[in-house]
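Okay, so here's the structure we're looking at.
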């Protein structure tokens with residue numbers, strides 16, 4: 001096993017960091033690593049916003065749900081799906097691409113491009129001995145986030161990423177079993193097998209929480225997912241996405 005695979009398999013979210021900013025050189029390496037990710041048809045439909053203004057970090061920490069590590073970290077990145085520059089390209093080339101930009105396929109391209117770039121950034125940071133944490137809570141109040149970050153039409157902030165020198169070694173959450181996520185030659189739809197695999201995974205998760213909390217927490221993965229998907233969240237999202245010029249057709 002090489003060091004890159006060891007880094008990948010050792011991933012865990014870090015939520016407490018030293019009071020130590022990343023250097024410009026570190027940030028440049030991380031962003032260039034993000035740019036090296038695969039991109040659909042060379043579209044490169046994303047932008048990464050680095051937040052160095054401490055007051056903006058504080059405001060973002062509030063907007064994402066009062067998460068202190070969004071304010072206190074070595075560096076904060078915001079990953080955006082971005083077709084704004086392609087609208088500028090259209091003006092340069094004297095063509096109208098509005099209909100194309102608003103289609104679901106290009107919305108998916110932008111989201112996927114941004115996610116691929118972010119994972120490259122995460123791996124680069126972790127390979128440098130840094131810790132990271134994805135912040136999906138950025139989507140809690142996207143209208144306010146967009147105002148704060150001066151987001152134009154055809155751009156959507158998708159998630160943030162905190163990066164820094166870890167203050168603690170967090171435990172690694174067990175993932176779903178290999179056989180559960182890897183299907184050969186077609187999707188495995190055997191519900192009884194699926195339920196059996198999920199039952200085994202629930203036991204693993206229960207044991208993980210017991211050990212972490214001295215037996216105070218014993219919930220399962222399926223119970224967590226049932227709660228999560230029982231109550232819809234961020235109900236404004238479709239309206240916001242379409243207002244930004246995405247996913248209209």
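With a ≥ b ≥ c the root eigenvalues of the C-alpha gyration tensor of the stretch 1-85, is it rounded (a/c under 1.5), prolate (a/b larger than b/c) or oblate? In terms of gyration-tensor shape, oblate. Pull out a ≥ b ≥ c, the square roots of the eigenvalues of the alpha-carbon gyration tensor of the stretch 178-218, then state rounded if a/c is under 1.5, prolate if not and a/b is larger than b/c, and oblate in the remaining case. Since a/c reaches 1.5 and a/b is larger than b/c, the shape of the stretch 178-218 is classed as prolate. By other beta-carbon atoms within 10 Å, ranking 85, 212 with the fewest at the front produces 212, 85. Each principal axis of the Cα cloud of the stretch 183-249 was evaluated for its coordinate range; sorted largest first, these ranges are 47, 38, 17 Å. Please report, to two decimal places, log10 I(q)/I(0) for the stretch 3-171 at q = 0.09, 0.10, 0.20 Å⁻¹ as given by the Debye formula with identical point scatterers on the Cα atoms and no solvent. Result of the Debye calculation: -0.31, -0.39, -1.33.
Each residue in 43, 143 was given a count of other beta-carbon atoms within 10 angstrom of its own, and listing them fewest first yields 143, 43.
Take the alpha carbon gyration tensor of the stretch 88-170, find the square roots of its eigenvalues, order them as a ≥ b ≥ c, and report rounded if a/c is under 1.5; if not, report prolate when a/b exceeds b/c, else oblate. Let's see the in-between values first.
Details: a/c = 2.78, a/b = 1.99, b/c = 1.40.
Prolate, since a/c reaches 1.5 and a/b exceeds b/c.
Exposure proxy for 162, 104, 222: other Cβ atoms within 10 Å of each Cβ, ordered fewest to most, give 104, 222, 162. Based on DSSP H segments of at least four residues, each scored -39500 (n - 2.57), the chain has a per-residue ellipticity at 222 nm of -14500 deg cm²/dmol.
Computed from the coordinates by the stated procedures, all read-outs in this text should not be read as laboratory data. This structure is a prediction, so every number in the text was calculated from the model and none was measured. Methodologically, a virtual Cβ is constructed for each residue, glycine included, from the backbone with ideal geometry; neighbour enumeration extends over all protein chains shown.
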